[in-house]
Amino acid sequence: MRAVVVPAYGGSSVLEYTERPDPEPGPGEVLVDVAAAGVNFTDVYHREGRYPLPLPLVPGSEGAGTVTAVGDGVTDIVPGDRVGWAQVVGSYADKAVIPAEKAVLLPEGLAPDLAAAVLLQGLTAHYLTHSTYPVRQGDDVLVHAAAGGMGLLLTQIVKLRGGRVIGTVSTPEKEKLARQAGADEVIGYEDVPDAVRRITGAGVHVVYDGVGAATFEGSLASLRPRGMLALYGAASGPVPPFDLQRLNPAGSLFVTRPSLGHYIATREELLSRADDVLGWVASGALKVHVSQRYPLAEAARAHDDLEARRTTGKLLLIP
Ligand SMILES: NC(=O)c1ccc[n+]([C@@H]2O[C@H](COP(=O)([O-])OP(=O)(O)OC[C@H]3O[C@@H](n4cnc5c(N)ncnc54)[C@H](OP(=O)(O)O)[C@@H]3O)[C@@H](O)[C@H]2O)c1
């Protein structure tokens, strides 16, 4: 098979497009012809070794395609089925072995590239808005990087739940996209707490912050008393150590650092969230903005674009 490999941790130049032995499905696994692999910031962290995994590594935590073989004990998936997955490393390849319990059957008519574009970030946006802080009708919500892969999905799902979205973006083009996704107010990254208080008065009920170091302080200062900061990523770098006592005078605030794995820990939870997300995509309630499709061989260019803030919405690698 052809795959992208990380032989040593480092910048995007370590990514090698190369030939690898064809994989075979073991017990409880399925072999898939990959139609598309989603690009996520997590892949950058894996490449850099910030989230270390054993090397050499085929990165890529998300994809979709057609099952070509199943291992012993797999009864509910058969060759020919179309499946998608999230949080299975090894997706930057034209073939991937997926644990059957992580495979999600795609609804009739849903193109696999769309599933590869929405599963990981869609499941994440789902748990953030439904479980970490369940958004209620009329809630004020700050979504950072609102035109990004996560941001466009979060914005739409908050709107589906009746919240008011204030989104941050860095360019006019990104502002336009955030507004098209339903953001009620779009602001820059300067003086975020002032802008938020001008719009809301008391501050927001929740901040969804995947930017991290650059936005953390402004996120905290934008919350109303008893508000929650869901710090779900660190696109600008990790947040430094933090004195918990600061949460008290700031309004008995909540801060959480959630991870998708803990919110799709059982097959039941994975399928229930995936049903919602893929159902919304199939019905048109959730739009997936695929901004760029790169040949698999150009994974390094995709990483460079993502890290340099040149992208909007979702990036796909096509084997
Ligand atoms: N915890 C979880 O379960 C989970 C799951 C999925 C993703 N994530 C996290 O979600 C975050 C967003 O992921 P994504 O794949 O959807 O990426 P993305 O939002 O499409 O791209 C990152 C965006 O962050 C903004 N940004 C602000 N400062 C930045 C900086 N210094 N460097 C780079 N970007 C900066 C940029 O938008 P502007 O130009 O508008 O500022 C950029 O486009 C990542 O931190 C990722 O790790 C977490």
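Find the relative contact order for the stretch 1-156 and round it to a whole percent, using C-alpha pairs within less than 8 Å whose residues are 6+ positions apart.
This gives 23 percent for the stretch 1-156.
Return the tail of the calculated pair distribution for the stretch 215-313, meaning the percent of Cα-Cα pairs more than 17 Å apart.
Summing the P(r) tail past 17 Å for the stretch 215-313 gives 70 percent.
Hey, got the dipole for the chain? About the Cα centre, +1 on K and R Cβ, -1 on D and E Cβ, debye to the nearest 20?
960
Once amide H atoms are built 1.01 Å from N in the peptide plane, which residues 5 or more positions from residue 227, or in another chain, come under 5 Å H to H?
254
Per residue of the stretch 307-319, in order, report the coupling 6.51 cos²θ - 1.76 cosθ + 1.60 (Karplus, θ = phi - 60°) as ³J(HN,Hα) in whole Hz, putting x for Gly and Pro.
With the stated coefficients, the stretch 307-319 comes to 5, 8, 6, 7, 10, 10, x, 9, 10, 10, 9, 10, x Hz.
Could you state the number of Å between the C-alpha centres of the stretch 79-145 and the stretch 8-40?
18
Take every DSSP beta bridge with both residues inside the chain and express the antiparallel ones as a percent of the total, to the nearest 5.
Counting only bridges with both partners in the chain, antiparallel ones make up about 55 percent.
Among 101-112, 137-148, how do they line up by average Cβ neighbours within 10 Å per residue, starting with the highest?
137-148, 101-112
Using a cut-off of 17 Å between alpha-carbon atoms, which lysines can reach residue 174, once sequence neighbours fewer than 8 places away in the same chain are excluded?
Straight-line reach from residue 174, under 17 Å: 287, 314.
Tell me which aspartates and glutamates have Cα within less than 16 Å of residue 176's Cα, excluding those fewer than 8 residues away on the same chain?
List returned: 184, 185.
From Cα pairs below 8 angstrom and at least 6 apart in sequence, can you work out the relative contact order of the stretch 114-210, rounded to a whole percent?
29
Counting C-alpha atoms alone, how compact is the stretch 96-144: give Rg to one decimal and Dmax as a whole number, in angstrom.
Spelled out, the Cα radius of gyration and Dmax of the stretch 96-144 are 14.5, 44 Å.
List every residue whose amide H lies under 5 Å from the amide H of residue 163, counting only residues 5 or more places away in sequence or on a different chain, with H placed 1.01 Å from N in the peptide plane.
Those qualifying (amide H under 5 Å, at least 5 residues apart or on another chain) are 138.
Which value, in Å³ per residue, describes the convex hull spanned by the Cα atoms of the chain?
Output value, Cα hull per residue: 123 Å³.
Ranked highest first by average number of other Cβ atoms within 10 Å, how do 265-274, 181-190, 160-169, 33-42 line up?
In decreasing order of mean packing, 265-274, 181-190, 160-169, 33-42 become 33-42, 160-169, 181-190, 265-274.
Once phi is turned into θ = phi - 60°, what whole-Hz ³J(HN,Hα) does the Karplus curve with 6.51, -1.76 and 1.60 give for every residue of the stretch 123-138, x standing for Gly and Pro?
4, 5, 4, 5, 5, 5, 8, 10, 10, 5, 10, x, 5, 10, 3, x
Please list the non-local residues whose amide H lies under 5 Å from the amide H of residue 294, H modeled 1.01 Å from N, same-chain partners needing a gap of 5 or more.
Hits under the 5 Å cutoff: 316, 317, 318.
Highest first, please rank the peptides 312-318, 277-283, 246-252 by the mean number of other Cβ atoms sitting within 10 Å of their residues.
The densest-packed peptide leads the list: 312-318, 277-283, 246-252.
Note down the relative contact order for the chain as a percent, whole number, built from C-alpha pairs under 8 angstrom at least six residues apart.
18
Short version: ³J(HN,Hα) in whole Hz for each residue of the stretch 146-158, in order, from phi by Karplus 6.51 cos²θ - 1.76 cosθ + 1.60 (θ = phi - 60°), x for Gly and Pro, what are they?
Values per residue, Gly and Pro as x: 5, 9, x, x, 5, x, 5, 6, 4, 4, 5, 6, 4 Hz.
Residue 256 to residue 16: FRET efficiency via 1/(1 + (r/R0)^6), r the Cβ-Cβ distance, R0 45 Å, to the nearest 0.05?
0.75
A short reminder: the numbers here are calculations on the coordinates, not readings from a lab. Note that the structure is predicted; figures quoted are calculated from it, not measured. Heads up, the Cβs are rebuilt from the backbone with ideal geometry, glycines too, and the neighbour counts pull from every protein chain shown.
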